[in-house]
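**Student:** So that we are looking at the same thing, I have put the structure below in structure tokens.
Bear in mind that the values in this text are calculations on the coordinates, not laboratory data. Just so it is clear, the structure is predicted and the values come from calculations on it, not from any experiment. Because the Cβ atoms are built from the backbone with ideal geometry, glycine has one as well, and the counts that use them run over all protein chains shown.
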Amino acid sequence: MQSFNKKYFLLTILIFVIEVLIALFVHDKIVRPYIGDVLVVILIYCFIKSFLKLPVLPVAIFVLLFSFTIEFLQYVNIVGKLGLQNSKLARTVIGTSFAWIDLVCYIAGIIIVLIAEKVFAKN
């Protein structure tokens with residue numbers, strides 16, 4: 001079950017760098033709020049697959065459910081309830097604002113993962 005996959009790890013690093021660059025330098029109404037959310041589920045998926053040799057679908061479903069859980073925690077203002085509203089790290093990692101469209105972005109990201117895995121499995 002445990003194994004290091006260099007390709008997924010390199011993808012994780014690449015997507016992480018892209019996410020950081022988006023967070024630091026992109027302040028638009030499309031890339032930052034939507035593309036960033038699509039990429040974050042791909043990032044989490046690649047990170048998990050970097051260290052665990054698990055089937056595609058269970059990991060994809062786990063990542064989607066995890067993302068939905070984080071979004072729900074934003075809905076109930078978990079950062080405020082835990083007294084972390086002054087923590088930039090907590091606000092960045094967990095987030096502070098719920099949006100239904102984020103759930104759609106997470107689904108889109110997982111669909112991209114599933115399509116990519118299917119395409120690359122054929123090669």
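**Student:** Any residue in segment 28-44 that is closer than 16 Å to Leu11 by Cβ sitting within a Cβ distance under 6 Å of a residue that is charged (D, E, K, R)? List the pairs, counting only those 6 or more apart or interchain.
**Tutor:** So the pair list comes out as Leu39/Glu19.
**Student:** Across segment 79-108, what is the number of residues that are part of a helix (DSSP H, G or I), within 23 Å of Leu43 (Cα to Cα) and not basic (Lys, Arg)?
**Tutor:** Number satisfying all stated conditions: 14.
**Student:** Keeping to segment 49-60, report how many residues are surrounded by fewer than 19 Cβ atoms within 10 Å (Cβ to Cβ) and in contact (Cβ under 8 Å) with a residue 24 or more places away in the chain.
**Tutor:** Summing the residues that are surrounded by fewer than 19 Cβ atoms within 10 Å (Cβ to Cβ) and in contact (Cβ under 8 Å) with a residue 24 or more places away in the chain in segment 49-60 gives 7.
**Student:** Can I ask one more? So which residues in segment 23-46 are surrounded by fewer than 18 Cβ atoms within 10 Å (Cβ to Cβ) and part of a helix (DSSP H, G or I)?
**Tutor:** Ala23, Leu24, Phe25, Val31, Arg32, Pro33, Tyr34
**Student:** Continuing with this model, one more query. How many of the residues making up segment 47-57 are touching a strand residue (DSSP E or B) at 6+ places or on another chain (Cβ under 8 Å) and in a helix (DSSP H, G or I)?
**Tutor:** Final tally of qualifying residues: 1.
**Student:** Scanning segment 1-17 for residues that are of a type outside the set (Ser, Thr, Tyr) and closer than 21 Å to Ile70 by Cα, which turns out surrounded by the fewest Cβ atoms within 10 Å (Cβ to Cβ)?
**Tutor:** Phe16
**Student:** For segment 66-78, enumerate the residues that are of a type outside the set (Phe, Trp, Tyr), in a helix (DSSP H, G or I) and surrounded by 12 or more Cβ atoms within 10 Å (Cβ to Cβ).
**Tutor:** If the condition is that a residue be of a type outside the set (Phe, Trp, Tyr), in a helix (DSSP H, G or I) and surrounded by 12 or more Cβ atoms within 10 Å (Cβ to Cβ), then Ser67, Ile70, Glu71, Leu73, Gln74, Ile78 are the ones that fit.
**Student:** Of the residues Ser67, Ser50, Ser87, which is hydroxyl-bearing (Ser, Thr, Tyr), under 11 Å from the mean Cα position of the chain (by Cα) and at negative phi?
**Tutor:** Ser67
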